[in-house]
Amino acid sequence: MRVVIFGLGYVGFTAACCIASEGHSVTGIDVSDAKVAAILDGCAPIVEPGVEEMLKDGLAAGRISAATEIGSCLEAADLAIVCVGTPSAPDGSHNMGYIAGVSRQIAKALESRRHGKPLTIAYRSTVRPGTIEELIEPIFRSVLGAETESRAELVYNPEFLREGSAVKDYFHPPKTVIGTRDGRPNAAMEELTRNIEAPLFVTGYREAEFTKFVDNAWHAVKVAFANEIGRTCLDLGIDASTVHGIFKSDTKLNISAYYTRPGGAFGGSCLPKDVRALQHIGAVSGTNMPLMDSLLRSNEAHKHRLFEYAVDGLAPGARLLMAGLAFKAGTDDLRESPNVDLARKLLAAGYELEIFDPAVEAEQLVGANLGYAYSQLPMIQQLLVGKAEAEARSYDRVIANNPTADLLDLPADAEIRNLGTL
């Protein structure tokens, strides 16, 4: 197929590489000139295992291209996939500006399309239930009028990618969910997913739209629950890892060990944003959701407790090395990373701080990641140190936020405080 992807962030760029690896032709559209230029030069705009090799292969085979304008790329396309951002608005809802803008651009481009069948447009951005019917479809109708059905077939197809294992998750997701107007299969989506082995659910729009909220809220609940237990263990002198070992052994009732390990706060581009949006949905609909309302407060309380744990017994002025800045080891995503918050707290409290994270290079950050990094930690470039520097210098304590610390060959007597597993 000929596939056009709008938005080349983590989701869109990973999808582009994976789809091209299956033999489809992919054109990526993104407003960032720097991101598009990097992709055309064979440089991945994100840090994610496997994608840069797939990009180079796709470029060499002529199956990947990128641009900042739609142009005529939809004329012969079989499928368009929308992966633009839906960041948090001031009231906690999703900011739908990018969705609205790209929808109108696509609709305008379809006005002159001469292809004989409607173009399938699959939205993967996380949106509140009702968005397809109440926002996106009206935008298409305002441009295409009575020709909307003959030119556009709207689909909602949430993604389930985890940063750090996104390529594996693309080909082996926990499930595939496709939302259509009548809850019936879509031919282009069937072709796109025919090599993916996963339980398939074809539903109406709203059920598909709500799926991601349910999943991310549940992940946030698990992390917050585990961390409340973890800090209680700290305060009571209980070995949290022993308690966790007992808890996770119950695979019949406790379900999953992954998110229930007491450790770091949750963060990143999905969980905080979607919990806020779900809270907003509850407020607007009049639904009482006390657990959801407590998640972010619990997460902020945990961030503060981790700060206290990190500096326990150290006076301001102590020299610290923090291993791991991105919200997940092996990625460069700093958006709402609890490690960025910790770094700010340490600096504000008067500690001398250096940070080791080989996946984060300040000069290579782009887009929302770049804006967040410098708005929250403007001195980031001065704080980052390389492996040789981190190993050669003496620190009063090393704060291990995640497995990034395992990359360092530290002295046997180095004091390490591991925040990743309490």
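The values are calculated or read from the model by the stated rules, or taken from the named source; none is laboratory data. In this text, all values refer to a predicted model and were calculated from it rather than measured experimentally. Note that each Cβ is placed from the backbone with ideal geometry, even for glycine, and that neighbours are counted across all protein chains shown.
Here are the numbers for this structure:
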| read-out | value |
| --- | --- |
| Exclusive hit being of a type outside the set (Phe, Trp, Tyr) and crowded, with 23+ Cβ neighbours inside 10 Å, set 120, 148 | 120 |
| Residues of segment 96-118 satisfying the condition of being polar (S, T, N, Q) and in a loop (DSSP other than H, G, I, E, B) | 112 |
| Residue check, residue 121 in contact with a Lys or Arg (Cβ under 8 Å, 6 or more places away or on another chain), outside any loop (DSSP other than H, G, I, E, B), in the same structural domain as residue 181 (by TED's automatic domain parsing) and in contact (Cβ under 8 Å) with a residue 12 or more places away in the chain | no |
| Evaluation of residue 329 against (1) within 27 Å of residue 88 (Cβ to Cβ); (2) of a type in the set (A, V, I, L, M, F, W, C); (3) outside any helix (DSSP H, G or I); (4) at pLDDT 95 or above (one fails), failing number | (4) |
| Matching option when the condition is crowded, with 22+ Cβ neighbours inside 10 Å, in contact with a Gly (Cβ under 9 Å, 6 or more places away or on another chain), modelled with pLDDT of 90 or more and not aromatic (Phe, Trp, Tyr), among 224, 220, 277 | 277 |
| Pairs where the first residue, in segment 361-375, is under 12 Å from residue 46 (Cβ atoms) and the second is surrounded by fewer than 16 Cβ atoms within 10 Å (Cβ to Cβ), C-beta under 6 Å, 6+ apart | 366/34 |
| Criterion: out of contact with any helix residue (DSSP H, G or I) (no Cβ under 7 Å at 6 or more places or on another chain) and at pLDDT 95 or above - qualifying residue of 391, 354 | 391 |
| Single match in 267, 245, 230 (criterion: of a type outside the set (A, V, I, L, M, F, W, C) and assigned by TED's automatic domain parsing to the domain that holds residue 359) | 267 |
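A quick yes/no check of all residues on (1) of a type outside the set (Lys, Arg); (2) modelled with pLDDT of 90 or more; (3) in contact with a His (Cβ under 9 Å, 6 or more places away or on another chain); (4) surrounded by 14 or more Cβ atoms within 10 Å (Cβ to Cβ):
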residue	(1), (2), (3), (4)
177	yes, yes, no, yes
215	yes, yes, no, yes
234	yes, yes, no, yes
240	yes, yes, no, yes
253	yes, no, no, no
262	yes, no, yes, yes
